[in-house]
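This report refers to the structure that appears directly beneath it.
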Amino acid sequence: MSITIFGIESSCDDTSAAVIRDGVMLSNSIAGQAVHEAYGGVVPELASRAHQQNIIPVVTEAIKKAGIDRTELSGIAFTRGPGLMGSLLVGTSFAKGLSASLGIPMVEVNHLQAHVLAHFIKETPEDTNQPSFPFLCLLVSGGNSQIILVKGYDDMEVIGQTIDDAAGEAFDKCAKVMGLGYPGGPVVNRLANEGNPKAFRFSKPHIPGYNYSFSGLKTSFLYTLRDRLKEDADFIEKNKADLCASLQATVIDILMDKLRKAAKDLNIKEVAVAGGVSANTGLRDAFEDHAKRFGWKIHIPKFAFTTDNAAMVAITGYYKFLKGEYCGMDAVPFSRVIL
Ligand code: KG4
């Protein structure tokens, strides 16, 4: 008998719903929230209000696009955390209502685990390009920079993580001081393609193990701007592309140095990347380069699965559902946690 899972994601500023049947994606609908652009970052109160407005249309669209009737659903998977509390409450409450009205079980999903398991979403039944265990996953987003040893669908160990800012935050904060808007990561990426990555040197951290740090890079970037602006008030404008290319190259070097070390120490050659920053084309190129140089088998998500989406929640819920790991109506969201 087929297992059909409905996924709901509302952890930050994307409202998303998806249907996965036997591991194969039937639909994945997403509504973003442009309202935050004017504020230079996500405003939690506005995010929860927008989720409340978006959730019914997004859910309706996901069911329609999947071409199923909601009575065909076997279970509801929802993001329980981490994320913004008000945003999570919208998805969690909706999941409870749907589960109660259809009389089907609910499965709670950890958002970070879902980013990793996005690599297991099949777009067709013939799609067999999933990673095999164990593999390493570099999870890089606006809130996280982690190296995860993935031993099974529900067996993941964080072996390294940032001790301060996340990689996406480094992109966003440096972009903000250059006046590039929010989120800055994609803009930096676009400008970096036209710049010289060796034009400027920014500091890299020296911390032991597989942990990351990006606050030193951010400070070094700020000091460079401060000093150069004293000499030339148009410094940023004249050097935007080179600044972006050099910043991006430094972030990628920091990320790849530790990942390469982990892969070597653990003798693992299967390596994946996930999270919003995995959309970065420079990082994707670095993965391709490492595949050639070190014989890595790499897994790079499609752009649609790099940002927050419910298909990754549904696939995670699917594997938990198979093991009977349901949750009750007493499940409440959590805002902070690591894997
Ligand atoms: O995973 P995600 O969508 O959301 C959360 O962190 O909640 O990641 C968003 C982060 C932002 O910091 C954004 O600037 C960054 O991903 N990002 C990028 C690119 N696209 C998104 N960073 C660098 N290059 C990109 N192309």
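Listed values, structure above:
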{"quantity": "Separation in nanometres of the label points that stand 7 Å from Cα toward Cβ, at residue 203 and residue 230", "calculated": "1.7 nm"}
{"quantity": "Peptides ranked, highest mean first, by Cβ atoms within 10 Å: ranges 14-23, 294-303", "calculated": "14-23, 294-303"}
{"quantity": "Convex hull per residue volume in Å³, alpha carbons only, for region 104-238", "calculated": "166 Å³"}
{"quantity": "Equivalent ellipsoid dimensions for the chain as semi-axes, Å, which come from the Cα gyration tensor, largest first", "calculated": "36, 23, 16"}
{"quantity": "Fraction of accessible area attributable to carbon and sulfur, the chain (%, probe 1.4 Å)", "calculated": "52 percent"}
{"quantity": "Average Cα contact separation per residue, the chain, under 8 Å, 6 or more apart, as relative contact order %", "calculated": "25 percent"}
{"quantity": "Helix 44-66 axis, angle to the chain major axis (alpha carbon atoms, nearest 10°)", "calculated": "60 degrees"}
{"quantity": "Label-zone membership for region 242-268, site residue 155, 7 angstrom Cα→C-beta point, backbone N under 18 Å", "calculated": "266-268"}
{"quantity": "Radius ratio Rg over Rh of region 174-301, counting only Cα atoms, Kirkwood formula for Rh", "calculated": "1.00"}
{"quantity": "Whole-percent pair-distance distribution, where bins are 5 Å wide, for the alpha carbons of region 18-148", "calculated": "2, 9, 15, 20, 21, 16, 11, 5, 1"}
{"quantity": "Segment residue 49-residue 61, extension gain: residue separation times 0.36 nm, minus the distance between their alpha carbons", "calculated": "2.4 nm"}
{"quantity": "Rotationally averaged projected area of region 173-224 (alpha carbon convex hull; nm²)", "calculated": "4.3 nm²"}
{"quantity": "Under 29 Å between alpha carbons - lysine pairs in region 112-223 that sit 8 or more apart or on different chains", "calculated": "9"}
{"quantity": "Projected label distance in nm at residue 292 and residue 70, using a 7 Å step from Cα toward the beta-carbon", "calculated": "5.1 nm"}
{"quantity": "Per residue accessible area of the chain, 1.4 Å probe, in Å²", "calculated": "43 Å²"}
{"quantity": "Ratio Rg/Rh, restricted to region 258-305 and using Cα atoms, in which Rh is the Kirkwood radius", "calculated": "0.96"}
{"quantity": "Cα-derived Rg to Rh of region 9-50, Kirkwood definition", "calculated": "1.13"}
{"quantity": "Overall Cα dimensions of region 227-283 - principal axes, largest extent first, Å", "calculated": "49, 21, 13"}
{"quantity": "By average C-beta atoms within 10 angstrom, highest first, the peptides 37-44, 179-186, 282-289", "calculated": "179-186, 282-289, 37-44"}
{"quantity": "Binned Cα-Cα distance frequencies in region 96-176 - 5 Å width, integer %", "calculated": "3, 12, 17, 16, 15, 14, 12, 8, 3, 0"}
{"quantity": "Cα-projected label distance for residue 93 with residue 334, points at 7 Å along beta-carbon direction, nm", "calculated": "2.2 nm"}
{"quantity": "Centre separation in Å (Cα based) which lies between region 161-193 and region 9-44", "calculated": "21 Å"}
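The values are calculated or read from the model by the stated rules, or taken from the named source; none is laboratory data. No experiment lies behind these values; they were computed from the predicted model shown. All Cβ positions, even for glycine, are placed from backbone atoms using ideal geometry, and neighbour counts span all protein chains on display. Just the protein is used for accessible areas: all its heavy atoms, side chains included, with ligands, DNA and RNA removed. Shrake-Rupley method; radii C 1.70, N 1.55, O 1.52, S 1.80 Å.
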